[in-house]
Amino acid sequence: MSGRKRFVSPEQLIYGVWLDYGMRACLGILVIALTLYMAGFPEPVVPLEEVPRRWSLSAEAYQDLIGIGTGWAWLKVAYRGDYLSYVGIALLSTLTIGCYLRILPLLLAMRDRIYASIVIGEVAVLVLAASGLLGGGH
Amino acid sequence: MTRRGGLTAILAVGLILTSAPALAAASELGGFALPWWIWPVLLFVVTFLLGIVAVLAGVGGAVLFVPIVGGLFPFHFDFVRGAGLLIALSVAIAAGPALLRTGMANLRLAMPLALIASIGAIGGAYLGLALPVEWVQLGLGVTILGVVGVMLRSRKSDFPDVPRADVLSDALRMNGVYIDFVRRRKIEWRVHRTPLGLALFAGIGVLAGMFGIGAGWANVAVLNLVMGAPLKVSVATSTFMLSIVDTAAVWVYINQGAVLAIIAVPSIIGVMLGSFVSVRLLAVVSTAQIRRVVIVMLLLAGLRAFLKGLGI
């Protein structure tokens, strides 16, 4: 074990490895999705030449105009060019939850109840935010 | 001009040159007279340069991205803030693995603070999306000008004096050891004033969510100046923490439809590639000069956001 790693906890090392793999996968997905989108394939919900006429609208007005809906409604059109990138964005925004869940069994095995509780609390907060159940906004 | 000064000047001029056409097109042509593909390309170039400059200056990319792109590009501020949070998240996720592996970032220090900040960030995100855009622009302008003040005035300490850990940080084992290869010695550290730190991180989370910025500049100040973590640990842990805190806020923006792929994705890729390049440039670029350029850029961007908020 290298000098540096001697001072790093096992859960921290594993968290870092999962974050690394996840980051590389997300970057790859985003590059592919953007390339396809720019090439106009698959056909986007909003044609590319139309987007500049709409990006100065507020998020609420934009969503009203295209009629897809908010929250997870984008999943219905995730196969379209402009929403394909959302898969990469959603994965990027889920990496932390995955890393936390990965270290939870380690913390429980170490009987580290305080940090296991913090992990459960953080995952609950992030899942609540991701669920869209909180509502609000405009 | 020295080689380091030349590189600094090139980066600064590059940012200005790539941003200026955006301003011209947005203000004179209504933002959509140019071919659509110019915008994502321009955005990619600007965020690539921002990724380099931001990391070298020790600030998150979003604190530069939101006021600059919000002020110079024709996009609605909702989409700019959504992309800003994704930029901060991307930079943190790109840097996180190395920071954790080397022990510079500390997971146990980050986790309790990130939990509190995440809750604040969700509240801030909803508040930011509910408030009138002018108010948010005004608040952002004031905040960015405050960041300039913090960057000019703060005298951070490499190794703050922490006589003894407080009860809470002791219970949470918010301490650690890292090897300082410059000084060739093992550094043991601990923190104090944890309850105050937790309260401040709740406020930082609100700012991050409301304005779509990472707020790493505030994280470092609290970790280092308030809680007494060594500067390197503070910077690294702050950067890593953004990957947790901004995840909470970014989901609010995604769920509210405030993320537009054509704005967010070129920005994410640009800033990630820029941050990879910046690590290689660290050895040849004067970070002090970059920091001065960034302070001037933030001052101008903050003033522009402030004036936009006033409708000027």
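Values in this text are rule-based calculations from the coordinates and carry no lab data. Since the structure is predicted, the reported quantities are computational estimates derived from the model, not experimental observations. Glycine also receives a Cβ, built like all others from the backbone with ideal geometry; neighbour counts cover every protein chain displayed.
Below are the figures for this structure:
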quantity	calculated
Residue count for the stretch B:211-221, restricted to those that are under 14 Å from B:S157 (Cα atoms) and surrounded by 23 or more Cβ atoms within 10 Å (Cβ to Cβ)	1
Matching helices (runs of 4 or more DSSP H) fully within the stretch B:52-154 where at least 3 residues are hydrophobic (A, V, I, L, M, F, W, C) and within 14 Å of chain A (Cβ to nearest Cβ)	B:77-101, B:107-130, B:133-153
Odd one out for A:I97, checked against (1) more than 7 Å from every other protein chain (Cβ to nearest Cβ); (2) over 15 Å from B:I244 (Cβ atoms)	(2)
Given (1) more than 30 Å from A:A116 (Cβ to Cβ); (2) over 14 Å from the mean Cα position of the chain (by Cα), number of the condition B:I116 does not satisfy	(1)
Residues within the stretch A:18-53 that are within 30 Å of A:M110 (Cβ to Cβ) and either touching a Gly at 6+ places or on another chain (Cβ under 7 Å) or more than 7 Å from chain B (Cβ to nearest Cβ) (or both), tallied	7
So B:G270, is it in a helix (DSSP H, G or I) and under 17 Å from B:G60 (Cα atoms)	yes
Members of the stretch B:53-102 found to be of a type outside the set (A, V, I, L, M, F, W, C) and over 18 Å from B:L43 (Cα atoms), listed by number	B:G58, B:G96, B:P97, B:R101, B:T102
